[in-house]
Amino acid sequence: MAPQLVVRAGATDDVYVLLESTASPKVNAIERSTNGGQSFVKMGTIPIASAPTSGTLLVDQLLFPNLQDGYAIGPLITTSKGTRSTLYATFDAGREWRAEEISPNTEIRQIAASATYLYALTQRCPDSTAPCSDLRLDRTPVSTRHWVELPVPAPLSKYGSVMNLTAFGNGVWLSTQDQLSAPWNSYVATSRNDGASFSVAVQPLLESVTACGLAAMSQETLWAICDDGMQAGQIPFSQDGGAHWTVDSSLSQLSSFHFGAFDPVTSELAFFVNGLTPSTLYTVTSGTATPVVEGTVPRAGNLTDLCFVNRDQGVGLFSGNGAVPTSALWSTSDGGAHWKKVLT
C-alpha cells in the first residue's frame with residue numbers, strides 16, 4: 001500500500017496518513033505518528049462501501065480536528081434514488097470507523113473544523129439524472145452527531161461548485177469566484193459566530209481560476225492559495241481576519257507560486273516549496289516577511305503535500321511516475337535539513 005493523504009491532528013504533534021492499495025480499490029489503512037511523522041503505527045481501516053470510478057480518489061478528504069476524532073469523505077455513490085457522499089467518522093484515533101449520514105442524497109463537497117465544530121459544504125442530489133443543487137453549510141459538534149443547517153450568504157450560493165471553506169475558533173470563512181459573468185468577482189464570506197451569520201466582501205486580490213483555498217491559523221491570520229492558471233498562482237495573506245489581503249510583488253516566492261506545496265503551521269510560521277525551485281524548502285512568518293531557505297527536499301518525485309507539526313518535525317508526500325503510480329512519505333526532524341523515507 002502507498003500513502004495518499006497526510007494530515008496533522010489539530011494543533012498537536014500527531015500526524016495521520018491514509019494508505020491505499022494499488023491492486024485492490026477498496027483496501028486501505030490509517031496509520032498514526034505521535035512524534036511528528038518520524039515513525040508510524042497502523043490504527044484501522046476505513047470501511048469504504050463502494051470502490052471509486054477510475055481516475056477518482058478512494059477518499060476525497062481526510063481531517064482530524066484533534067487526537068481522537070477524525071473524518072473522511074468517501075467516493076460519490078449514484079443509485080436510482082439519487083447521489084450521495086458517505087462521511088466516515090472515528091472517535092478513537094482511527095481504530096474504528098463508521099459511516100455517517102448528514103442527510104439523504106447529499107453530496108459533501110468539503111469539510112473543515114474548529115476545535116468545537118465540524119462544518120460541511122453540501123448539496124442535495126435527489127435525482128441521479130439532474131445536477132446537484134441547494135448548496136448549504138451544515139454544522140455539528142466535533143465529537144457528536146447533531147447536524148444543523150446554516151445559511152450560505154448571497155451571492156455565494158450561486159458559485160458553489162468552486163467554493164472553499166476554513167474555520168478557527170468561532171470564525172468560519174467561505175471563498176468563491178463568480179464564473180458566470182464579468183467582472184468575475186471573488187468573494188470572501190466571514191462569520192464570527194460559528195457560521196450562524198456571515199458578512200460578504202469582494203476581494204480582488206483573491207481572483208483565481210476557480211476559487212482560492214483558505215487556511216485560518218488564528219481568528220486574525222489567514223493564508224490564501226490561489227491558482228491563476230498557466231501553472232502559476234499566488235499566496236495572499238491577511239492579518240485582520242480576512243477583511244484585507246496583501247501580496248508583496250517583491251517576494252516572488254509567494255507572488256509567483258507555481259504548483260508547489262504550502263503548509264501553514266502556526267499563525268507565525270509556514271513551510272513551502274515553490275514549483276519554480278522544486279528542491280528548495282522555505283519558511284515564512286507573514287505575507288510581508290522575506291522567505292528563508294531552510295533546506296532541500298528529497299529528489300523523490302513530485303512533492304504533492306507538506307505536513308509540519310512544529311519548527312523541526314514534519315513530512316513530505318511525494319508521487320512518482322510510471323505505469324503504476326507510486327508515492328512515498330519522507331520525514332524530517334531538523335526543519336528540512338535532512339530527510340528519511342518512512343512510508344512507501
Problem - Other-chain or far-sequence residues with amide H under 5 Å of residue 110's (modelled H) - result: 121
Completion exercise
By the Cα gyration tensor axes a ≥ b ≥ c (a/c under 1.5 gives rounded; else a/b larger than b/c gives prolate, otherwise oblate), the shape of region 101-222 is oblate
Fill in the blank from the handout: Simple SL model, points at 7 angstrom along Cα→Cβ for residue 277 and residue 49; separation in nm is 4.9
Handout entry: Pairwise centroid distance, computed over Cα atoms, of region 268-344 with region 138-157, Å
Key = 34
Problem - Per-residue [θ]222 nm for the chain (sum of -39500 (n - 2.57) over DSSP H runs n ≥ 4, rounded to 500) - result: 0 deg cm²/dmol
Practice task
Bin width 10 Å, alpha-carbon pairs only: give the P(r) of region 258-344 as whole percents, running from 0 to the bin holding the largest distance.
Solution key: 18, 54, 23, 5, 0
Practice task
Label region 159-284 by shape, choosing from rounded, prolate and oblate, from the square roots a ≥ b ≥ c of the eigenvalues of the Cα gyration tensor; if a/c is under 1.5 it is rounded, and otherwise prolate applies when a/b is larger than b/c, oblate when it is not.
Solution key: oblate
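Please pull out the direction-averaged projected area of the chain, using the convex hull of its alpha-carbon atoms, in nm² to one decimal place.
Details: hull surface 65.1 nm².
So the mean shadow area of the Cα hull is 16.3 nm².
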Exercise for the section: Within region 138-172, list the trypsin sites (Lys or Arg not before Pro) lying in a DSSP loop whose Cβ has at most 14 other Cβ atoms in a 10 Å radius. Expected result: 145
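Only the coordinates and a few stated rules stand behind these numbers; no lab work does. Bear in mind that the values here come from a model prediction, so they are computed numbers and not experimental data. Neighbour counts run over all protein chains shown; Cβ positions are idealised from the backbone, glycine included.
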